[in-house]
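The values are calculated or read from the model by the stated rules, or taken from the named source; none is laboratory data. Nothing here was measured: the structure is a model prediction, and the numbers come from that model. With ideal geometry, Cβ positions are generated from the backbone for all residues, glycine too; neighbour counts draw on all protein chains shown.
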């Protein structure tokens, strides 16, 4: 019998990719106004520069372990106590400036001061556009009537808490909020799933893990013998990681829960 549901946050409940895209568009339009360059091309170049730079820092293995992507580095402050987070906090101002400066330079604009300006604009724009999927709140509201809910998210506690503060209606639905930066390792490490189970005093067969990422949410759940639900909103191809269930939107969860609970009753 399923008693609780563990939810991923980014791109499962919050549409993080859309928020980042909107922040890029707003920031790149400033460059279009200044230099007449194509906003889409600048976004592509900055994204590529950000990925390359991000991988070059000594903090990269840590960010991989915790689960922090390059575009979170473009707006997060990482005001966390861990020494690795402090190192990341120290890096990000230069990282932002360099990513935007290199993006501009790839399009023939050599203007580090403007790169720095855009690097500080992007975080402000990202904070303006928190986007929650339309089905998030109706589904959570319905689920809380019959199930216990836990949020299991990779990332910096400071940044993930910031995201939740931008959508203050979200946290009250969850009995616990587990952030990988607090635990010390991110999904798919089985330890963080076992930790979440211990917080709820539940066994693996009493839980569903719901998330959009095969490599973190689904793989970690599979390793822990937790039934997994892959939210595949955009018809991505499967890899060799196989979820227990696959859905395209959150309301499909109800039929899965009904089937699983009837089978186990």
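Quick look at the numbers
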| item | result |
| --- | --- |
| Residue within the stretch 242-250 that is assigned to a helix (DSSP H, G or I) and surrounded by 14 or more Cβ atoms within 10 Å (Cβ to Cβ) present | yes |
| Conditions (1) within 30 Å of residue 86 (Cβ to Cβ); (2) part of a strand (DSSP E or B); number of the one not met by residue 228 | (1) |
| Near pairs, Cβ below 9 angstrom, 6+ apart or cross-chain, from the stretch 228-247 (at positive phi) to any residue that is assigned to a loop (DSSP other than H, G, I, E, B) and modelled with pLDDT of 90 or more | 235/248 |
| Hits in the stretch 136-163 - residues which are over 19 Å from residue 231 (Cα atoms), under 17 Å from the mean Cα position of the chain (by Cα) and touching a residue at least 60 places away in the same chain (Cβ under 8 Å) | 155, 156, 157, 158, 159, 160, 162, 163 |
| Residues of the stretch 1-58 that turn out to be buried (at least 22 other Cβ atoms within 10 Å of the Cβ) and in a loop (DSSP other than H, G, I, E, B), as a count | 4 |
| Among the residues listed as 151, 104, the single one being in contact with a helix residue (DSSP H, G or I) (Cβ under 8 Å, 6 or more places away or on another chain), assigned by TED's automatic domain parsing to the domain that holds residue 256, farther than 16 Å from residue 75 by Cα and surrounded by 21 or more Cβ atoms within 10 Å (Cβ to Cβ) | 151 |
| Qualifying residue in the stretch 221-237 (condition: modelled with pLDDT of 95 or more, more than 18 Å from residue 12 (Cα to Cα), within 21 Å of the chain's Cα centre (by Cα) and surrounded by fewer than 17 Cβ atoms within 10 Å (Cβ to Cβ)) | yes |
| Index of the failed condition, residue 258 passing every other in (1) in contact with a strand residue (DSSP E or B) (Cβ under 9 Å, 6 or more places away or on another chain); (2) without any contact (Cβ under 8 Å) to a residue 24 or more places away in the chain; (3) over 24 Å from residue 63 (Cβ atoms) | (1) |
| Matching residues, the stretch 113-137, being more than 16 Å from residue 26 (Cβ to Cβ) and surrounded by 15 or more Cβ atoms within 10 Å (Cβ to Cβ) | 115, 116, 132, 133, 135, 136, 137 |
| Candidate set from the stretch 85-95 (those that are buried (at least 16 other Cβ atoms within 10 Å of the Cβ) and over 19 Å from the mean Cα position of the chain (by Cα)); member that is nearest to residue 32 (Cα to Cα) | 95 |
| Residues of the stretch 59-82 satisfying the condition of being outside any helix (DSSP H, G or I) and under 19 Å from the mean Cα position of the chain (by Cα) | 59, 67, 68, 69, 74, 75, 76, 77, 78, 79, 80 |
